[in-house]
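Worksheet: one structure, shown below.
The values are calculated or read from the model by the stated rules, or taken from the named source; none is laboratory data. Remember, predicted model here, so these are calculated numbers, not experimental data. With ideal geometry, Cβ positions are generated from the backbone for all residues, glycine too; neighbour counts draw on all protein chains shown.
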Amino acid sequence: MLSEVERFIVITGGPGSGKSTLIDHLREAGFSGSREAGRAIIQDQTAIGGRALPWHDPDLFAELMLSWELRSYSGAMARTAPVFFDRGIPDIIGYLRLEGRPVPAHLHTAARTFRYHRRVFIAPPWPEIYERDAERGQSPAEAERTYASMVATYPEYGYELVELPRLPVEERARFVTDHLR
């Protein structure tokens, strides 16, 4: 049986780079996967008129993302097969830094405590597939800055980044599963 660290695989990168599409494809292939915290929180907060939105209260938004990620992590512990995470706890740190916000000590503690596979897959900016939608209001330039923030943040916590190729989703999925063997 694989340990949590070996089973918990993060796919990160900037918005609109194909992360969620890849995780959806891996789910269809029989793997488990988490939903992206930020997108789900934006949907929920918008539906209830909440203020934990990145454009209203980025610090509260980050706290809700942390709560979401901790719950996703806890839920994944009950599984014995690999679980693909649509972003991880270090993404929240990268987000706060990108926004010029302070990173609370408990967030650093969470990133050091709740560990993922040492190889983190990162999706590079992909302008040809980038689209804005109701939850993704960032410009392509902001998406590139988000990518750069993740490139800087994950290695600080001991992760090795593996860049995903800009290929059709089936080939991207095969790239990921081949790298985990």
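Considering each of Arg136, Arg132, Arg115, Arg101 in turn, give the residue that is farther than 25 Å from Glu6 by Cα and at pLDDT 95 or above. It would help to see each step written out before you state the result.
Working: Arg136 fails: at pLDDT 95 or above; Arg132 fails: at pLDDT 95 or above; Arg115 fails: farther than 25 Å from Glu6 by Cα.
Within the list Arg136, Arg132, Arg115, Arg101, the selection yields Arg101.
Checking the condition at pLDDT 95 or above, surrounded by 15 or more Cβ atoms within 10 Å (Cβ to Cβ) and more than 20 Å from Leu70 (Cα to Cα), which residue from Leu96, Leu164, Leu107 passes? Explain how you work it out, then say what you get.
On the way: Leu96 fails: more than 20 Å from Leu70 (Cα to Cα); Leu107 fails: more than 20 Å from Leu70 (Cα to Cα).
Matching residue, one of Leu96, Leu164, Leu107: Leu164.
Restricting to segment 1-24, name every residue that is aliphatic (A, V, I, L, M), in a helix (DSSP H, G or I) and surrounded by fewer than 18 Cβ atoms within 10 Å (Cβ to Cβ). Give the derivation first.
First, the residues of segment 1-24 that are aliphatic (A, V, I, L, M): 1-2, 5, 9-11, 22-23.
So of that shortlist, the ones also in a helix (DSSP H, G or I) come out as 5, 22-23.
Passing the criteria: only Val5.
Taken together, the residues in segment 25-46 that are closer than 19 Å to Ile9 by Cα, acidic (Asp, Glu) and surrounded by fewer than 18 Cβ atoms within 10 Å (Cβ to Cβ) amount to 1. Among residues of segment 10-32 that are free of Cβ contacts under 8 Å to residues at least 60 places away in the same chain, those with a beta-carbon under 9 Å from a residue that is in a helix (DSSP H, G or I) and of a type in the set (Val, Ile, Thr) at least six positions away or on a different chain give the pairs Asp24/Val169; Phe31/Ile23; Phe31/Thr177. For segment 110-120, taking the residues that are under 14 Å from the mean Cα position of the chain (by Cα) and not in a loop (DSSP other than H, G, I, E, B), the one that is surrounded by the fewest Cβ atoms within 10 Å (Cβ to Cβ) is identified as Arg119.
Please verify whether segment 39-56 includes one or more residues that are under 23 Å from Val176 (Cβ atoms) and either touching a strand residue (DSSP E or B) at 6+ places or on another chain (Cβ under 8 Å) or not in a strand (DSSP E or B) (or both).
Residues of segment 39-56 under 23 Å from Val176 (Cβ atoms): 39-40.
The next check asks that each one be either touching a strand residue (DSSP E or B) at 6+ places or on another chain (Cβ under 8 Å) or not in a strand (DSSP E or B) (or both); those that pass are 39-40.
Yes; the residues of segment 39-56 include at least one that is under 23 Å from Val176 (Cβ atoms) and either touching a strand residue (DSSP E or B) at 6+ places or on another chain (Cβ under 8 Å) or not in a strand (DSSP E or B) (or both).
Among the residues that make up segment 121-128, is at least one of them more than 20 Å from Ser20 (Cβ to Cβ), crowded, with 17+ Cβ neighbours inside 10 Å, of a type in the set (Phe, Trp, Tyr) and in contact with a helix residue (DSSP H, G or I) (Cβ under 7 Å, 6 or more places away or on another chain)? Please lay out each step first, then the result.
So the first thing to find is which residues in segment 121-128 are more than 20 Å from Ser20 (Cβ to Cβ), and the list is none.
Looking for residues that are more than 20 Å from Ser20 (Cβ to Cβ), crowded, with 17+ Cβ neighbours inside 10 Å, of a type in the set (Phe, Trp, Tyr) and in contact with a helix residue (DSSP H, G or I) (Cβ under 7 Å, 6 or more places away or on another chain), one finds none in segment 121-128, hence no.
Taking the criterion of being part of a helix (DSSP H, G or I) and either exposed (fewer than 14 other Cβ atoms within 10 Å of the Cβ) or in contact with a Pro (Cβ under 7 Å, 6 or more places away or on another chain) (or both), the residues of segment 60-93 that qualify are Phe61, Ser67, Arg71, Ser74, Gly75.
Considering only segment 78-102, state which residues are within 28 Å of Ala141 (Cβ to Cβ) and free of Cβ contacts under 8 Å to residues at least 12 places away in the same chain. Walk me through how you get there before you give the answer.
Initial filter on segment 78-102 (within 28 Å of Ala141 (Cβ to Cβ)): 84-102.
Answer for segment 78-102, where residues must be within 28 Å of Ala141 (Cβ to Cβ) and free of Cβ contacts under 8 Å to residues at least 12 places away in the same chain: Gly100, Pro102.
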